[in-house]
Amino acid sequence: MSENTSEHILTPQGQQCLQALMRTWFEFERQLGRVPLIQRLERGQFSQADYRQLLLNWRQQVIEGSRWISRCASSFDRDYSDVRSVIIGHAREEHRDYEMLEQDFVAAGGELTAIQQASRNVGTEALHGFLMYRASQTNPADLIGAMWIIEGLGQKMASSWAEQIDKSTKSDGSFTRFMRYHGANDDDHMQKLYQLIDRLCQSPDQLSAIVRTARVTARLYCLQLEEVDNEY
């Protein structure tokens, strides 16, 4: 996370939440480092077939992402209309990102019908089920914990992963546009998220719920990546 992150958080409760979320992020990074697919990527042993398999499994999570974010926005009542506006804007910006991912899959040698017909893996099923359940609760403030993990992944890891994939596969970057796009744009999404922390974390109970949802999201995200190597 950026060094000036704390400048966006003003209240003591918000600062405590931010510190807890940063600890959760570092735990998430350690978990990612144990995923076989990520280990191959970091060792320079990542093939173009690995990349296609990653996109094949990722597409469902990207599609479902805009759905649970939209559900989350609609679950905030009128007392949180300001929060709802921010989250609706986020969903609108990302709801067709999967099309760029599909184009990368085809550019990497995949068949469009193959990625469009692929089903969710076990981890994606669990992640989607958890996030849609939380998003259906009234005023689901804890989901900023989930956004912290998923948007943080784009901000902190996407550009680096794209560079490693291009290097391992000797690509000119023509099929890593989805990752590069998120690496360039998720910083803006994170800035909006920082602004919500003070607004949505105003009690110890809310802090606990936000961090718990971040930890569950992190674990299920890793499970999704672990399942990329399995055939369905």
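Of note:
- Label-to-label distance, nm, for residues given as residue 93 and residue 230 (7 Å Cα→Cβ offset): 3.4 nm
- Rh by Kirkwood over Cα pairs, then Stokes-Einstein D for region 164-232 at 1.306 mPa s and 10 °C, µm²/s: 103 µm²/s
- Only protein atoms count toward the accessible area here, which uses a 1.4 Å probe; on region 107-218, the carbon and sulfur part of that area reaches 48 percent.
- In Å², nearest 10: area of residue 22 left accessible to a 1.4 Å probe: 50 Å²
- Cα-Cα separations in region 116-215 greater than 21 Å, expressed as whole percent: 49 percent
- Candidate aspartates and glutamates - alpha carbon under 14 Å from residue 167, same-chain residues fewer than 8 apart omitted: 42, 50
- Correct choice for Rg/Rh (Cα atoms, Kirkwood Rh) that was computed from the model, options (1) 0.96; (2) 1.03; (3) 1.06: (1)
- Karplus-derived 3J(HN,Hα), 6.51/-1.76/1.60, for each residue of region 206-211, Hz, glycine and proline x: 5, 4, 4, 5, 4, 5
- A Gaussian network model of the chain, with springs between Cα atoms under 10 Å, assigns the largest mean-square fluctuation among 88, 210, 197 to 88.
- Solution diffusion estimate, µm²/s, Stokes-Einstein, region 55-118, Kirkwood Rh from C-alpha pairs, 10 °C, viscosity 1.306 mPa s: 123 µm²/s
- At 1.002 mPa s and 20 °C, Stokes diffusion of region 14-58 via Kirkwood alpha-carbon radius, µm² per second: 175 µm²/s
- Annotation: for a label point projected 7 angstrom from Cα along Cα→Cβ of residue 67, residues of region 88-117 with backbone N closer than 20 Å are 88-103, 113-117.
- q = 0.15, 0.21, 0.26 Å⁻¹: log10 I(q)/I(0) that the Debye formula gives for region 138-183, counting C-alpha atoms only: -0.46, -0.66, -0.84
- Taking every Cα-Cα distance in region 66-181 and sorting them into 10 Å bins from zero, the calculated P(r) comes out as 12, 35, 34, 16, 3, 0 percent.
- What the Cα convex hull of region 21-84 gives, in volume per residue, is 117 Å³.
- Lone cysteines, the chain (no partner Cβ under 4.7 Å): 72, 222
- If the segment from residue 114 to residue 43 were pulled out straight at 0.36 nm per residue, it would be longer than the present Cα-Cα gap by 22.8 nm.
- Solvent-accessible area per residue, Å², over the chain with all protein chains present [probe radius 1.4 Å]: 46 Å²
- Accessible area of region 1-97 belonging to carbon and sulfur atoms, whole % at 1.4 Å probe: 46 percent
- Take the Cα of residue 137, step 7 Å toward its Cβ, do the same at residue 122, and the gap between the two points is 2.6 nm.
The values are calculated or read from the model by the stated rules, or taken from the named source; none is laboratory data. Being a predicted model, the structure only gives us computed values, none of them experimental. No Cβ is skipped: glycine too gets one built from the backbone with ideal geometry, and neighbour counts run over all protein chains shown. Side chains included, ligands, DNA and RNA excluded: accessible areas come from the protein's heavy atoms. Shrake-Rupley method; radii C 1.70, N 1.55, O 1.52, S 1.80 Å.
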